[in-house]
1. If you scan segment B:208-233, which residues turn out to be in a helix (DSSP H, G or I) and at the interface with chain A (Cβ under 8 Å from one of its Cβ atoms)?
2. Filter segment A:19-29 down to residues that are surrounded by fewer than 13 Cβ atoms within 10 Å (Cβ to Cβ) and facing chain B (nearest Cβ under 9 Å), then give me how many there are.
3. Filter segment A:102-139 down to the residues that are part of a loop (DSSP other than H, G, I, E, B), in contact with a strand residue (DSSP E or B) (Cβ under 7 Å, 6 or more places away or on another chain) and away from chain B (no Cβ under 12 Å) and list them by number.
4. Go over the candidates A:47, A:41 one by one and state the one that is at the interface with chain B (Cβ under 10 Å from one of its Cβ atoms), within 23 Å of the chain's Cα centre (by Cα), surrounded by 14 or more Cβ atoms within 10 Å (Cβ to Cβ) and touching a residue at least 60 places away in the same chain (Cβ under 8 Å).
5. Quick one: which of B:150, B:166 is modelled with pLDDT of 90 or more, more than 14 Å from chain A (Cβ to nearest Cβ) and part of a helix (DSSP H, G or I)?
6. Of all residues being over 18 Å from the mean Cα position of the chain (by Cα) and either at pLDDT below 95 or buried (at least 18 other Cβ atoms within 10 Å of the Cβ) (or both) in segment A:140-167, which is farthest from residue A:245 (Cα to Cα)? Just the residue, please.
7. For segment B:174-193, indicate whether the set of residues that are in contact (Cβ under 8 Å) with a residue 40 or more places away in the chain, under 22 Å from the mean Cα position of the chain (by Cα) and farther than 30 Å from residue B:15 by Cβ is non-empty.
8. For the structure I just gave you, tell me whether residue B:162 is free of Cβ contacts under 8 Å to residues at least 40 places away in the same chain, surrounded by fewer than 16 Cβ atoms within 10 Å (Cβ to Cβ) and closer than 30 Å to residue A:215 by Cβ.
């Protein structure tokens, strides 16, 4: 009886198990229903629990002496679009930020308009989905200031950011829910580390949504749209990386 | 029967088949075996996205990494502090199943998924982390309530004497394991390792994992103070994972050395045959 599992057989079993696990998990990972049900459960649970226990929590703000000596860039550092390049040449004087969609009074803001509003400056940590972190100082106008001015319609559930950059012709975009949109640390940053936001970091304006990962911090913003559902935008998952790479829409973890 | 004063008379003898592991322990063990393997292998893939570790609040490519797996002149290497060793073929640069050279930290046979895919690895890791966390919380509470921890894992005063511990270490080193009724109890080395793993390493793993979440850092800012920053927490997560791998290796070696059929049956059905005394 005890010959059923001998040492040799157990060791063979362990030796065969590892490749079996890899092959099995690769198969499961490419099955659409397994991806949508099992492998999306973590994102679903995390987003609900985070909203339950800390929907208004503030991200830590650091002291100036805690900042990264070098804040590396990531993603696109130079949009190719001719419209953007023209704005770049004229230093964004003709650039306008259109805020529309499900709002009562759509508006269009110049960079000077944004700079003229009460600003917020915060030294926060930027966490890339890859694992690195950098601490930088951001200055901008709170998104909720603009949202109060345009007045969201009751049907609005998400705020979408349309960007000037693209990957192989597919435009970058991102979206957040209204809890993050009205969060006091969610700003449209036009300044970084006491200077003007540079092109490689997303000029003229980038999003800072401090409790989520780097790919949510949309750069080169051209338009903001309030929507009831993200299903009709792009491929329907709420952002460029969410669409093309199966990255989580909720990037708080 | 526990607590019955007559149990001393009816101690199980060698070759008796006795009930060894409770259902809660058996269930948790096997759920864990699968979950931990998935967490480890998907974790290695996530590490591959940025194979550098730092201490402190921040850390990126231009900052000093205390650990790095990389490739230099087409040779894979592992660097810890200022010490660099060649790991060519295993870490940093290795051949995939089709014989092509790949410049990635951990090789495809050790990661989930096997081909580079950070998004999918995160899905595996962050979904199964919930299963793992719920499992250990439930198991710990249940084991406290049913007395398992207090009865079976609590070191007794006599076991804590240096002499006793030294004797156990000597016996283990000679692969001379407890026989008869003594094999039914955890010895002090087992107790110590289970206590360190369940109450030390696993909580550290969960907390350092939570500290990597920007949202959890906002909700529980003390996490950042406990570990001294998100990048420190990431380093701790990696180090403790390595310690846990060490525990599993020893754990499996011990099962292999002490009648694997009997041990595995005990963890599946609960029934354990008391080992015979030395002839």
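The values are calculated or read from the model by the stated rules, or taken from the named source; none is laboratory data. These numbers come from a predicted model, not from an experiment. A quick note on method: Cβ atoms are made from the backbone with ideal geometry, for glycine too, and the neighbour counts reach across all protein chains shown.
1. Initial filter on segment B:208-233 (in a helix (DSSP H, G or I)): B:208-211, B:214-219, B:222-227, B:230-233.
The answer is B:214, B:215, B:216, B:217, B:218, B:219, B:224, B:230, B:231.
2. Total meeting the criteria: 2.
3. Passing the criteria: A:102, A:106, A:117, A:119.
4. None of the other options fit; the residue is A:47.
5. B:166
6. So, considering only residues that are over 18 Å from the mean Cα position of the chain (by Cα) and either at pLDDT below 95 or buried (at least 18 other Cβ atoms within 10 Å of the Cβ) (or both), the one farthest from residue A:245 (Cα to Cα) is A:150.
7. No, the conditions are met nowhere in segment B:174-193.
8. When the stated conditions are applied, residue B:162 does not pass them.
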